[in-house]
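S.K.: Got a structure for you, written out below as structure tokens; questions coming shortly.
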Amino acid sequence: MGRPSPLGDEDRSDYAEVVDEVLASAEIQRLLAESGFSSGQLRIRALAAAPDTAHAHAAEYRAYAALRREVHGRHGDGAPAPLSGPGHQERPGAGALAVLGVLTPILAAVAGATFLLLGYGLRLTDSMAALADTLVRVGWVSLAIAAATSLISLVAVYRTAALRSAPGSAPGVNRSADLDRARETWRTALRDKAIRPLLLGELAEAGRAAAPGGPRFTPPAFARPDFTRPDFTGPGFSGPGHGTPDTGSPQLPDTLH
């Protein structure tokens with residue numbers, strides 16, 4: 001099994017887009033036609049080679065990933081923001097406070113109106129005057145609470161809008177522009193330093209393998225050792241009557257004839 005890719009999940013689509021961009025270039029298309037190599041096979045090899053080409057664009061990718069973490073508020077690469085909202089509301093429990101800030105004026109206004117109706121209704125009937133006065137007081141207090149909380153919520157909304165549109169938010173916009181530039185720098189390095197050399201190497205290797213006049217293996221010439229049989233000649237022997245008689249040889253006695 002190959003090594004895991006160092007790219008994040010959100011970066012793999014960028015990697016695939018750059019691979020397709022290089023594959024569609026005129027240079028690669030010409031080499032594909034000459035080598036007879038399949039574009040689909042070349043794309044599969046390029047995608048599978050992401051861990052092997054990581055060193056070629058590592059510096060640009062590290063800079064891009066670090067800037068992205070900074071811009072996204074250190075929530076991790078591409079992590080979604082909490083549901084409690086941006087800014088100081090990202091603290092635990094801030095979402096509940098925001099809900100209470102919206103519901104409190106509404107509930108207080110409804111309660112105040114209900115108490116006032118009951119209190120003034122009892123006064124009209126001239127019964128339970130003490131209870132009627134209590135309900136009227138509670139109703140007006142509830143309406144005062146509703147007005148106060150509504151004013152506080154309105155001020156909070158305007159303050160949040162002012163903070164977002166203030167000049168202090170300009171660095172965030174600039175950092176986003178820096179993030180876009182860092183992403184383009186990484187994609188350029190990915191294209192020129194990693195994917196394009198990889199595809200050229202694959203096509204060159206495929207071209208060498210398909211060449212008809214490629215190098216072939218020729219076995220070395222082998223010659224038997226020059227072996228000559230020794231010149232064997234029997235000892236010289238001549239029988240009687242052959243050759244010139246040796247006069248110096250001793251004569252046999254006559255008795256043997």
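The values are calculated or read from the model by the stated rules, or taken from the named source; none is laboratory data. Quick caveat, the model's predicted, so the values are computed rather than measured. Backbone-built Cβ (ideal geometry, glycine too); neighbour counts: all protein chains shown. Keep in mind that these areas ignore ligands, DNA and RNA; they rest on the heavy atoms of the full protein, side chains included. Shrake-Rupley method; radii C 1.70, N 1.55, O 1.52, S 1.80 Å.
S.K.: Of the residues that sit in the range 118-130 and are touching a residue at least 12 places away in the same chain (Cβ under 8 Å) and open to solvent by 50 Å² or more (accessible area, probe 1.4 Å), which one is farthest from V99 (Cα to Cα)?
M.R.: Step one: of the range 118-130, the residues touching a residue at least 12 places away in the same chain (Cβ under 8 Å) are 118-120, 122-123.
Cutting the leftovers down to open to solvent by 50 Å² or more (accessible area, probe 1.4 Å) gives us 118, 120, 123.
Numbers: L118: 29, Y120: 32, R123: 36 Å.
Looking at residues that are touching a residue at least 12 places away in the same chain (Cβ under 8 Å) and open to solvent by 50 Å² or more (accessible area, probe 1.4 Å), I get R123.
S.K.: So H55 clears everything in (1) touching a residue at least 40 places away in the same chain (Cβ under 8 Å); (2) outside any loop (DSSP other than H, G, I, E, B); (3) within 28 Å of D178 (Cα to Cα) except one condition, right? Which one?
M.R.: The number of the failed condition is (1).
S.K.: Answer with yes or no whether A156 is at pLDDT 90 or above and open to solvent by less than 80 Å² (accessible area, probe 1.4 Å). Can you show your working first?
M.R.: Values: at pLDDT 90 or above: no; open to solvent by less than 80 Å² (accessible area, probe 1.4 Å): yes.
No, not satisfied.
S.K.: Also: So, of the residues in the range 64-81 that are outside any loop (DSSP other than H, G, I, E, B) and open to solvent by less than 60 Å² (accessible area, probe 1.4 Å), which turns out to be modelled with the lowest pLDDT? Don't jump to the end; show me each part of the working.
M.R.: Start the filter on the range 64-81 by keeping residues that are outside any loop (DSSP other than H, G, I, E, B), which leaves 64-71.
If we keep only those that are open to solvent by less than 60 Å² (accessible area, probe 1.4 Å) too, we end up with 64-68, 71.
On the way: Y64: 94, A65: 92, A66: 92, L67: 92, R68: 92, V71: 87.
Of everything passing the filter in the range 64-81, V71 is modelled with the lowest pLDDT.
S.K.: Provide a single number: the residues in the range 45-56 that are more than 14 Å from R12 (Cβ to Cβ) and either open to solvent by less than 40 Å² (accessible area, probe 1.4 Å) or more than 14 Å from the chain's Cα centre (by Cα) (or both). I'd like the intermediate steps shown before the answer.
M.R.: Pass one, the range 45-56, residues more than 14 Å from R12 (Cβ to Cβ): 45, 52, 55-56.
Okay, now just the ones that are also either open to solvent by less than 40 Å² (accessible area, probe 1.4 Å) or more than 14 Å from the chain's Cα centre (by Cα) (or both), so 45, 56.
Residues flagged as more than 14 Å from R12 (Cβ to Cβ) and either open to solvent by less than 40 Å² (accessible area, probe 1.4 Å) or more than 14 Å from the chain's Cα centre (by Cα) (or both) within the range 45-56 amount to 2.
S.K.: Taking the range 7-48 as the region of interest, how many residues are part of a helix (DSSP H, G or I) and on the phi > 0 side of the Ramachandran plot? Give the steps one after another, and end with the answer.
M.R.: Just the residues of the range 7-48 that are part of a helix (DSSP H, G or I), to begin with: 9-23, 26-35, 39-48.
With on the phi > 0 side of the Ramachandran plot added as a condition, the list becomes none.
Residues in the range 7-48 being part of a helix (DSSP H, G or I) and on the phi > 0 side of the Ramachandran plot: 0 in total.
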